1. When the Cα centres of region A:72-102 and region B:102-179 are compared, how far apart do they sit, in Å?
2. Does anyone have the angle between helix A:87-99 and the longest principal axis of chain A? Alpha-carbon axes, 0 to 90°, nearest 10?
3. A:ALA54 versus B:ASP118, label points 7 Å from Cα toward the beta carbon: distance in nm?
4. What residue among A:ILE49, A:SER85, A:LEU16 has its Cα farthest toward the positive end of the dipole of chain A, where the charges are +1 on Lys, Arg and -1 on Asp, Glu, each on the Cβ?
5. If you place +1 on the Cβ of every Lys and Arg, -1 on the Cβ of every Asp and Glu, and leave all else neutral, what size is the dipole of region B:73-177 about its Cα centre, to the nearest 20 Debye?
6. Can you figure out the FRET efficiency of B:ASN127 with B:GLU83, using R₀ = 25 Å and their beta-carbon distance, to the nearest 0.05?
7. List, largest first, the extents of the alpha carbons of region B:107-203 along their principal axes, each in whole Å.
8. Along the charge dipole of region B:190-305, Cβ charges K/R +1 and D/E -1, which of B:ASN282, B:GLY304, B:GLN268 sits furthest on the positive end?
Amino acid sequence: MQIYFERSGGFAAIRLAVDLDSEDLSVEEARKLREEIEEAGFFHLPAVISAPQAAGADRFQYRLRIKDGDREHSLEVNEAGMPDSLRPLIEHLTLLARSRRG
Amino acid sequence: MSHRACSTHSLLQPQRCPLHCILPPYMLRNIAERGTAEQQAKALRSLQVTDDLHEKRRAIAKGVEPSQARAVGEKQRLVYDAEFGFSLPGRLVRSEGGAPTGDPAADEAYDGAGETYDLYRQVYERNSIDGQGLQLISTVHYQRGYDNAFWNGQQMVYGDGDEDLPESMRLFNRFTIAVDIIGHELTHGVTQYEANLNYSYQSGALNESMSDVFGSLVKQRQRSQTAAEADWIIGEGLFTPNVNGVGIRSMKEPGTAYNDPVLGRDPQPGHMNDYVNTPNDNGGVHINSGIPNRAFVITALELGGYAWEKAGRIWYVTLRDKLRSNSNFNDAARLTFETAGELYGVGSLEQQAVRMGWLEVGIEIDGGGGSENPGCLPALLNLFRPQAGGRK
């Protein structure tokens, strides 16, 4: 499974991105990601989830591309419009990206 | 003043005054800006009476006398703790007048909201985010490892940066650490209630720039710094010592705030020649804001003294009265120039400073000092000048 994750926007607007291959992750980490992907119904989400009206300012924007076997999907989501079911996956990927920065 | 005859009527027996309470305020504002001198004067009177009536109606709705309504419309801060979750607003930890909590994030959010309120109230005579004393709600300790601060349409929210990572890996401190970040977030609220600039591309970059401008003015006023003394850095102290940078943005020299092997380089342009076209960051709203930011700094440096007094007033009045949700950089240049003419006189040094500010970032303002649309102030002045002829 390949995952591309990118975050832009926010007050500091410093891009954060990571490319992951499940082969390079621990078995436990890969299992947890798969679980979060399923719980989010990731492959059935629309391609773009925008912020609602009057959503404020300085929110993050995320881009995600996941390829798992013959399943593949890309998603753009604004933090202000994020479904709760997607939140654990985004938080997990954000932590992985932040920990691997540098 | 000549509107006295109409403003003394009681709510129960409204006196009939032409225009009053019939046209919606936005239409009156249009007339006040674009009508003949007589129409402008009438529209202005109506706007004043309408504002008066609105206040009385609000007071009646609350069951209190207008004088009391004013009294409660003062600074009203509430600080909450999200306890590292994402539910807002969280648990209340400090309200207006309450003792310090001892938690730096909560106390900085409280103090910074107060400094920002004071700038708007004491300098620009604005009562809070909505101009009507709206409560200033802040939440701190939002999520874990949350390296951001935002305005969600109703309140300010602050993360703790990289508190969840080992110290050697941390890049961000808590987001309440710099008062200009607090001023920045609160100003997003002001913008929402005024120009309501669309949060994408140029209008979004103007929205961002307004937040940096007034955020920086909060900091400068707190430190009693003139435009020349100010560092014009946004987010000073937000980076940990692991980062090679002085802050998140430099309003004076966009693109120079940080240059770091991990974070990369500050991407802000300071001139239209370097405008960045990107779909990221809502069309580069935090990137291209460097251009109007620098126009403001140059204007303020040209004028000298405290930047919040003249440059800040020109920008504030433009944000409040002139910019629209789809305004772009050219509109902002033209309208700040127009406002400077109204506040300080056509052809004044102030107006020339505004022209210079925008010119330095590659935006030329058409016209030689006059303006096609003289706006409200000349009409207001006409009220006191009986001989002054109307505009043809």
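1. Result: 23 Å between the Cα centres.
2. 80
3. Between A:ALA54 and B:ASP118, the label points sit 3.1 nm apart.
4. It is A:LEU16, whose Cα lies furthest towards the positive end.
5. Once rounded to the nearest 20, the dipole reads 280 debye.
6. For R0 = 25 Å, the calculated efficiency reads 0.20.
7. Taking max minus min along each principal axis of the Cα atoms, region B:107-203 gives 45, 33, 18 Å.
8. Working it through, the farthest residue towards the positive pole turns out to be B:GLY304.
Every number in this text was worked out from the coordinates using simple rules, so none of it is lab data. The structure displayed is predicted, hence computed values, not measured ones. All Cβ positions, glycine included, derive from the backbone under ideal geometry; neighbour counts span all protein chains shown.
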